[in-house]
Structure formats: structure tokens, C-alpha cells
Amino acid sequence: MLKGFVFDLDGVITDTARFHYQAWSKIAQDDMGITINPSVNEQLKGVSRMDSLNVILKFGQRENDFTEAEKEALATKKNDYYVQLISNMTPADILPGIQAFLDQLKAEGYQMSLASASKNAPRILNGLQLTNYFDQIVDPASLHAGKPDPEIFAKGATLLGLKPTEAVGLEDAFAGIQSINGAGEFSVGIGDPAILNEADLNFTSTAEISLDQIKTAFAT
Ligand code: B16
Ligand code: MG
């Protein structure tokens, strides 16, 4: 029986990827002498802060040029700038269709948790005025492995007291769909179905999400 929903944040509830890109572009240029592009940005989605830095250093062929302490300082500097950029987020930054979907889930008594790799997730939910919708938020610092490992989505369900077979996971990234599937939950992909081809059900955008369609597909 369907009892709860485990949400990714970036790309499902709001678009923070543009702020991550802006912040990484500046730090990469100013402090690493690396010019990143949108295809590098794609590789950063759903990836932890330190892993994102490693992707950028590899792209710039500078992976051996910084000590661990210097890398920590670069990641902190990026985050300080990113936090400034997201500080003006409001409910207007919620992706189309999501507010109505969350309202419907709440009205029908479903439990909800957040499975985001972002340590800034509580701050973002606060800006979007969505904190009260979520019964639990997975702490990414508590995880041993990020997406595509199943741990984050598995935890999203267990924190709600649910079995994997009672939960739906929603994701916009291929690695996230793999995480949901690995956790044994029903996976909903939001974005290009050709990319998210391992999802149990696909919607091309957040505006298309339909609880009725999820319920029907879940039950069959
Ligand atoms: P932070 P998600 C992820 O969020 C972002 O997609 C990814 O680009 C970012 O590096 C990661 O969070 C960590 O974010 O630096 O704020 O801790 O898609 O898992 O909601
Ligand atoms: Mg995402």
C-alpha cells in the first residue's frame, strides 16, 4: 500500500542548479583558473559538494594541484557564495505544479521526506516556505555514499517508518533513479524519459505530475 513520498530537492521542488553553477563558475575561474561550461554543470547535479569540486578539478586537469586543506577552503568559499545566492529564494521559486501536488499529498494524509544531497536543504525549504510539508529530512552528512547508492532514498523511507514497497521516490537525475530503484521503492522520473529510462513512471516536467497516475501505476 502506498503510504509516503521521498523527494529529491534540486530539479524536483526547485531549480538550485543555476545557483550552484553560478557559484562554481566564479570560484573555478577566480581561484582555480578553470572555465566551466553547462556540460560540466550537468555532471554536478545530485553530486556532493566535495565530489563536485573533484569533477571540476578533473575537467581542468588540476586534480593534483591542491592539498586537502586547500580543497576544503575552496568548497567553503563556493558554499559561502552559494548561500548568498539562495538567500533571496521565495515561494515564487517553487517549480510549476509542485505546490498543488504537495497540498494534495498532505490533504490525502501521505507522509513526506526529503532525500537531497544538499546540506543547505533545510535553508532552501525554509525560503520556499515548504518546511511544514516534510515529516523528515535525510541528513546528507549521515550518509556513507551518495546517489546512485540506495542509502539516501532507503533512509528517506525508514525515517518515515515505511517499508520500501510503501514509498514512491521522485527524481530528476539518472543517478537518483538508480538510488530509488536500488532501495526497492517505486521510482518517478521527472525530465527526459529517454535519459530517465530506468524509472517506473515518467513525467516530462513537474507541471505534468499527477497523483492519480502515480497511484494507478503503483498499484499495477
Ligand atoms: P550543497 P539534490 C544536490 O542537490 C545538487 O544537485 C548538487 O549540485 C549539489 O552539489 C549537492 O546537492 C550538494 O549541495 O553544496 O548545498 O551541500 O539534487 O540532491 O537535491
Ligand atoms: Mg535533483
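Every number here is computed from the coordinates shown, using simple stated rules; none is lab data. As the structure is a prediction and not an experimental result, all values here were calculated from the model. With ideal geometry, Cβ positions are generated from the backbone for all residues, glycine too; neighbour counts draw on all protein chains shown.
Of note:
- Which numbered condition Asp10 misses (of (1) surrounded by 13 or more Cβ atoms within 10 Å (Cβ to Cβ); (2) of a type outside the set (Gly, Ala, Ser); (3) more than 24 Å from Leu130 (Cα to Cα)): (3)
- Residue among Leu57, Leu85, Leu74, Leu53 that alone is within 23 Å of Leu125 (Cβ to Cβ) and either within 16 Å of ligand 2 (Cβ to nearest atom) or among the aliphatic types (A, V, I, L, M) (or both): Leu85
- Within segment 158-199, considering residues that are of a type in the set (A, V, I, L, M, F, W, C), within 15 Å of the chain's Cα centre (by Cα) and in a loop (DSSP other than H, G, I, E, B), the one surrounded by the most Cβ atoms within 10 Å (Cβ to Cβ): Ala173
- Scan of segment 188-205 for residues that are touching a strand residue (DSSP E or B) at 6+ places or on another chain (Cβ under 6 Å), within 15 Å of ligand 1 (Cβ to nearest atom) and of a type outside the set (A, V, I, L, M), ordered by number: Gly189
- Boolean, Lys147 is within 16 Å of the chain's Cα centre (by Cα), among the basic types (Lys, Arg) and farther than 23 Å from Glu42 by Cα: no
- Reported count of residues in segment 90-115, each being over 20 Å from Gly156 (Cα atoms), in a loop (DSSP other than H, G, I, E, B) and touching a strand residue (DSSP E or B) at 6+ places or on another chain (Cβ under 7 Å), is 1.
- Scanning segment 14-50 for residues that are within 11 Å of ligand 2 (Cβ to nearest atom) and either in contact with a Phe, Trp or Tyr (Cβ under 6 Å, 6 or more places away or on another chain) or not in a loop (DSSP other than H, G, I, E, B) (or both) gives Thr14, Ala17, His20, Leu44.
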